[in-house]
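Structure, as structure tokens:
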Amino acid sequence: MTNAIRIYVASLADYNAGRLHGAWIDATLDADDIHTEVSKMLAASKEPIAEEWAIHDYEGFYGLRLGEWESFDKVSVWAAGIEKHGEAYAIWANDTDDTDVQAFEDAYRGEHATMADFAEEYYQDLGEVDDSYLMGFIDWERVGRDMEMSGYNFENGHVFSNR
């Protein structure tokens, strides 16, 4: 996978005529600029009336799924969020279908090897437990599972709060 965050937009008139005609477009452009690039691609079509388009491929979005007719406003914001925050933002956006980067930043709790590691760090940071011998008696895996049932999400090493 390339590091570029981009979409392949195809002319549906060409597609229906049995030709592949489209363009790879930088998804980090703002929505108006993406529309401009799509208009240029459609204008270069061999078909006399090439007006409709669809997103047929994309790269750099990690696991975030885009629809064929995804809003360019959404695509642009998602691409900017991924450019700034990487895979974590893509996971969050895919799970929430949200574009609000501030909401992501509020929900994101960091990258951890396991939910148990997150739970231990979380409670240590709160000052609820110290490094005394009692630490060995706490079942952090169980605490982590309880946190997941109480509004935390752990996916691919990233922790999010849904609270």
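Scanning the range 64-117 for residues that are under 21 Å from residue 7 (Cβ atoms), polar (S, T, N, Q) and touching a residue at least 12 places away in the same chain (Cβ under 8 Å) returns 71, 76, 94, 99.
The residues listed here are 30, 57; of these, the one that is out of contact with any helix residue (DSSP H, G or I) (no Cβ under 8 Å at 6 or more places or on another chain), modelled with pLDDT of 95 or more, not hydrophobic (A, V, I, L, M, F, W, C) and not assigned by TED's automatic domain parsing to the domain that holds residue 147 is 57.
Is it the case that the range 31-52 has a residue that's within 19 Å of the chain's Cα centre (by Cα) and of a type in the set (Ser, Thr, Tyr)? No - not one qualifying residue is present in the range 31-52.
In the condition set (1) farther than 15 Å from residue 70 by Cα; (2) of a type outside the set (A, V, I, L, M, F, W, C); (3) at pLDDT 95 or above, residue 35 is compliant with all but (1). For the structure I just gave you, tell me whether residue 38 is under 30 Å from residue 162 (Cβ atoms), among the β-branched types (Val, Ile, Thr) and without any contact (Cβ under 8 Å) to a residue 40 or more places away in the chain. The answer is no for residue 38. Put simply, of 97, 125, 130 the only residue that is outside the structural domain of residue 29 (by TED's automatic domain parsing), within 14 Å of the chain's Cα centre (by Cα), modelled with pLDDT under 95 and surrounded by fewer than 16 Cβ atoms within 10 Å (Cβ to Cβ) is 97.
The values are calculated or read from the model by the stated rules, or taken from the named source; none is laboratory data. The model shown is predicted, which means the values in this text are computed figures rather than measured ones. Note: ideal-geometry Cβ built from the backbone for every residue, glycine included; neighbour counts use all protein chains shown.
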